[in-house]
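**Student:** Before we start, here is the structure in question, set down as structure tokens.
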Amino acid sequence: MWRDQMSVDGGIIDSDHRHLIEIINRFEERANGEATEDELIEILYALKFYASTHFKREEALQRLTHYPYHDRHCQEHKELVARLEAIIADTRKALAGNTKMAVAETGALLKSWLVDHVIGSDLKMSTYIHAARKAGEAMELLGDVYWDGSK
């Protein structure tokens, strides 16, 4: 569930985080319903794809705001994607056995995967983003990242 204290930028990064939470919630809702194993795995792959897209956008914003922990943060993103790949593989194996247990464990892992990262790492960017906005530094470039996501 999204909380205001998770807000990083009041813009696209927060929007991305909300969407990631929606995907995780969809996984849990479908898992508690009549979803097939293939549907659950498909949701996890959608999460991986969107997380990877979000990470690229976030890293571009870090470069534009001269975020001093950019390299460390990029490494954390790589580790998060690897962890998500492991979650997908483990879930695929577990679904062949005890589905309810697999779903519960996967839901808990996904929530900690996202929430721990947002609160533990992403919030640190907030000061740099707001300082860049306030000082007017790179506003044109920030606008490009916010609206087309290609940088």
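The values are calculated or read from the model by the stated rules, or taken from the named source; none is laboratory data. Quick caveat, the model's predicted, so the values are computed rather than measured. Note: ideal-geometry Cβ built from the backbone for every residue, glycine included; neighbour counts use all protein chains shown.
**Student:** Condition first: farther than 14 Å from ALA104 by Cα, at pLDDT 90 or above and not hydrophobic (A, V, I, L, M, F, W, C). Now tell me which residues in the range 11-31 satisfy that.
**Tutor:** ASP14, SER15, ASP16, HIS17, ARG18, HIS19, GLU22
**Student:** Further question: With the requirement that a residue be among the polar types (S, T, N, Q) and modelled with pLDDT under 90, what does the range 37-63 give you?
**Tutor:** Matches in the range 37-63: none.
**Student:** Inside the range 1-48, can you point out the residues that are over 16 Å from the mean Cα position of the chain (by Cα) and β-branched (Val, Ile, Thr)?
**Tutor:** THR36, ILE41
For every residue, the table says whether it meets (1) at pLDDT 80 or above; (2) more than 12 Å from the chain's Cα centre (by Cα).
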position: CYS74; (1), (2): yes, yes
position: ALA82; (1), (2): yes, yes
position: GLU85; (1), (2): yes, yes
position: ILE88; (1), (2): yes, yes
position: THR91; (1), (2): yes, yes
position: ALA102; (1), (2): no, yes
position: TRP113; (1), (2): no, no
position: VAL118; (1), (2): yes, no
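**Student:** Testing GLU34 on (1) of a type in the set (Asp, Glu); (2) loosely packed, with under 13 Cβ neighbours inside 10 Å; (3) at pLDDT below 90; (4) part of a helix (DSSP H, G or I), one condition comes back false. Which one is that?
**Tutor:** For GLU34, the exception is condition (4).
**Student:** Sticking with this one: Among the candidates ILE88, ILE24, ILE41, which residue alone is of a type in the set (A, V, I, L, M), closer than 24 Å to ASP4 by Cβ and in contact (Cβ under 8 Å) with a residue 40 or more places away in the chain?
**Tutor:** After ruling out the rest, the residue left standing is ILE24.
**Student:** Continuing with this model, one more query. Out of the residues in the range 8-24 meeting the condition of being assigned to a helix (DSSP H, G or I) and charged (D, E, K, R), tell me which one is farthest from LEU47 (Cα to Cα). Talk me through it step by step, then tell me what you get.
**Tutor:** Let us first name the residues in the range 8-24 that are assigned to a helix (DSSP H, G or I), namely 12-24.
Those still in the list that are charged (D, E, K, R) too: 14, 16, 18, 22.
Numbers: ASP14: 16, ASP16: 11, ARG18: 12, GLU22: 10 Å.
The extreme case among them is ASP14.
**Student:** Being of a type in the set (Phe, Trp, Tyr) and touching a Gly at 6+ places or on another chain (Cβ under 8 Å) is the filter here, so list the residues in the range 21-77 that pass it.
**Tutor:** Residue satisfying the conditions is PHE27 alone.
**Student:** Hey, any hits in the range 56-73 for a residue that's crowded, with 17+ Cβ neighbours inside 10 Å, out of contact with any Cys (no Cβ under 8 Å at 6 or more places or on another chain), in a loop (DSSP other than H, G, I, E, B) and on the phi < 0 side of the Ramachandran plot?
**Tutor:** Scanning the range 56-73, I find at least one residue that is crowded, with 17+ Cβ neighbours inside 10 Å, out of contact with any Cys (no Cβ under 8 Å at 6 or more places or on another chain), in a loop (DSSP other than H, G, I, E, B) and on the phi < 0 side of the Ramachandran plot, so the answer is yes.
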